[in-house]
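Only one structure is covered here, and it is reproduced in the block below.
Throughout, read-outs are computed from the coordinates displayed, never taken from laboratory work. In this text the structure is predicted, and so the values were computed from the model without any measurement. Counting neighbours? That spans all protein chains shown, and the Cβs are built from the backbone with ideal geometry, glycine included.
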Amino acid sequence: MDGAHVRTAPYFVRHSFSPSPLRRMSDADSPAPMLSPDREDGTIEDFTRIEDLADHVDETVTLKGWLHNQRGSGGIKFLILRDGSGFVQCVVPQDAVDADSWAVADDVRQEAALEITGSVSADERAPGGYELQVDAVERIGESGDYPVTPKEHGIDFLMEHRHLWLRSESQWAVMRIRNRIETAIHEFFQERGFLQTDAPILTGNAVEGTSTLFDLDYFDDESAYLTQSGQLHGEAMAMAYGKVYTFGPTFRAEKSATRRHLTEFWMIEPEMAFYDLEMNAQLAEDFVAHIVQAVLEDCEEELEALDRDTSALEQVETPFPRISYDEAVELLRSDETAEMIDERIEALNEEKAELLEEKEENQTRRGQAKKHVKRKIDAREIEINKRVDEIEEALRNLPDWKESAQTFEWGSDFGGDDETVLTWHFDRPVIVHRFPAEIKAFYMKRDPDDDRLAMGIDVLAPEGYGEIIGGGERATDLDFLKEQIEAHDLPEDVFDWYLDLRKFGSVPHSGFGLGLERTVSWITGRDHVRETIPFPRTIARLHP
């Protein structure tokens, strides 16, 4: 701790000024500086953050945070403190602290708020590589019976306590990676001359179809909707500024309960004037590669906390493989895909048998084991049970996936299982292009060589995470767009402003949208997107 402090109330009590606007202050009247001499660098905090401990080795610092976990017995306690920036082990020997500090360390409960002072030492075995040799412990706030304990909780319980579950190490890691992804997004576009612009959340028109709109009453009985996408307004801004991107919340009233869907989610949507489909695809793959590399470089500790196997992420380099929709359909129907699914079924059955055998052996050992060994066995059993549940679910699904792939009909949209199977053939994200126009949005340009196809792209993430980007080249022909609006049974009057873009200086242009939560889910290895946003909104959850 640097010992400095900010003067607050005493300053205001000490100095009383006349309301007269004519009075001039003498030197004696001048207020004391808000920062003391050793705070001229503008430092506000009078404590050290855990993430900064590397800069204070062999120095005495003060930390403020919450107790994440505690262990130890006899004359020594090990307190794992978290402060939002990281985790650190604080070593409290009874003979090195005063009686009050020891009393706090001895009975402190999970999530109690603490102030701990001690000396920083480097230790490769400790969380984060550093630990604190404690001189004093002070309790700032009690925690009572904190409900989210280190034991295994069901997902429903955790979601009901989402406001507290966010404090766990896994959720700390996910949100920090989400933050790094967001900063990487801004870096990517700002370095390439894009202008960040903001699309409205309340709109008077659909973007992706009227069946998934949240409608609400606007003023004077006018209809309004929560936006499905910032794209249409992004096109208008691209015609004004050349290259833009929007970054904001979007809403879909889609009654889907899959692990890939949220009712409220965040989208990043660049729009570029004078970009064709090829340029759009190139930008998309550069964008995804940039995000992944930023996380690999800067979030090693967070990825380790999640036990994320990064070998697949390390393969994410450009160029990405590209296949047409036609080629994707052929690949799904192929004997190679059928054999791949059969091999996975066989491998999962073998893994399940090995896990169950290990579980039985552990139970035999447990009866004669010491207490600390029993705890390890119990923790391993939780892991085994979870993995067995995952395997059994996969074994139930894979035969259906095989049938869906073999019988896939041209003209259908890919389901999540189809996307998963397609990505098994590649070691990095794959771009699928030129989809049937019937399954794409009204504003998509048609392929000049085949009017059945739309000039669209999807970027599919590997490891079963599916579509993270959808986009394409926009139609520029005014009459064509009018026909499409009518064909999709959309009211032309609410699109009058959008049609103006084709009347006044229309140019070829393209864009895409990246779903933030799906991207975070893939990079962090989370099974469900509900863990990738602080407070998820789904068809079954509006609380907390």
When the charge dipole of segment 338-404 is computed with +1 at the Cβ of Lys and Arg and -1 at the Cβ of Asp and Glu, the Cα pointing farthest to the positive end, of A394, I377, M340, is that of I377
Given +1 on the Cβ of Lys and Arg, -1 on the Cβ of Asp and Glu, and no further charges, what dipole in debye does segment 353-433 carry about its Cα centre, rounded to the nearest 20?
1060
Rounded to whole Å, give me the distance from the Cα center of segment 224-246 to that of segment 151-208.
20
Do me a favour and compute the ellipsoid semi-axes for the chain from its Cα gyration tensor, root of five times each eigenvalue, largest one first, whole Å.
48, 37, 20
About the Cα centre of segment 50-141, what is the dipole size in debye to 20, counting +1 per Lys and Arg Cβ and -1 per Asp and Glu Cβ, all else neutral?
420
Note down the nm distance, to one decimal, between modelled labels 7 Å out along Cα→Cβ at D389 and at D286.
4.4
Sticking with the crude label model, points 7 Å out along Cα→Cβ, report the distance from A347 to D198 in nm, one decimal please.
4.7
Suppose R0 equals 45 Å. What FRET efficiency, 1/(1 + (r/R0)^6) with r the Cβ-Cβ distance, do L216 and D298 give to the nearest 0.05?
0.65
T43 and K482 label points (each 7 Å along its Cα→Cβ direction) are spaced in nm at 6.9
Gain upon complete extension [D527, R380; 0.36 nm per residue less C-alpha separation]:
50.9 nm
Of all GluC sites (Glu not before Pro) in segment 94-127, which ones are in loop regions per DSSP and have a Cβ with at most 10 other Cβ atoms within 10 Å?
E124
When you count, for each residue, the other Cβ atoms within 10 Å and take the mean per peptide, how do 394-404, 171-181, 328-338 rank with the highest first?
171-181, 328-338, 394-404
Taking the square root of 5 times each eigenvalue of the Cα gyration tensor, what semi-axes in Å does the equivalent ellipsoid of segment 380-489 have, largest first?
37, 14, 13
Can you give the angle from 0 to 90° between the axis of helix 277-298 and the longest principal axis of the chain, with both taken from C-alpha atoms, to the nearest 10?
20
Listed residue pairs exceeding 24 Å between alpha carbons, taken from K151/K386; K151/K376; K151/K255; K77/K359:
K151/K255; K77/K359
Computed E for D335/D413 - FRET, C-beta separation, R0 25 angstrom, nearest 0.05
0.60
A correct Karplus calculation of ³J(HN,Hα) over segment 159-164, with 6.51 cos²θ - 1.76 cosθ + 1.60, θ = phi - 60°, whole Hz and x for Gly and Pro, returns 5, 5, 10, 4, 4, 9
Farthest towards the positive end of the dipole of the chain, among P436, A540, L79 and with Cβ unit charges of +1 on Lys and Arg and -1 on Asp and Glu, lies the Cα of L79
Computed FRET value (nearest 0.05) for A540 with N69, which takes r as the C-beta separation and R₀ as 35 Å
0.65
Under 28 Å from the Cα of K503 - lysines, other chains or at least 8 residues apart:
K243, K440, K445, K482
Which order do peptides 163-169, 266-272, 128-134, 241-247 fall in by mean Cβ count within 10 Å, highest first?
266-272, 241-247, 128-134, 163-169
Using helices alone, I'd like the mean residue ellipticity at 222 nm for the chain: each DSSP H run of four-plus residues gives -39500 (n - 2.57), total over residue count, nearest 500.
-11500 deg cm²/dmol
Taking the Cα centre of the chain as origin, sum charge times position over the Cβ atoms of Lys and Arg (+1) and Asp and Glu (-1), and report the length of that vector in debye to the nearest 20.
1840
Which one, I155, T258, H186, is farthest towards the positive end of the dipole of the chain when Lys and Arg carry +1 and Asp and Glu -1 on their Cβ?
I155
Just the Cα atoms of segment 50-141: what Rg and Dmax do they give in Å?
11.7, 32
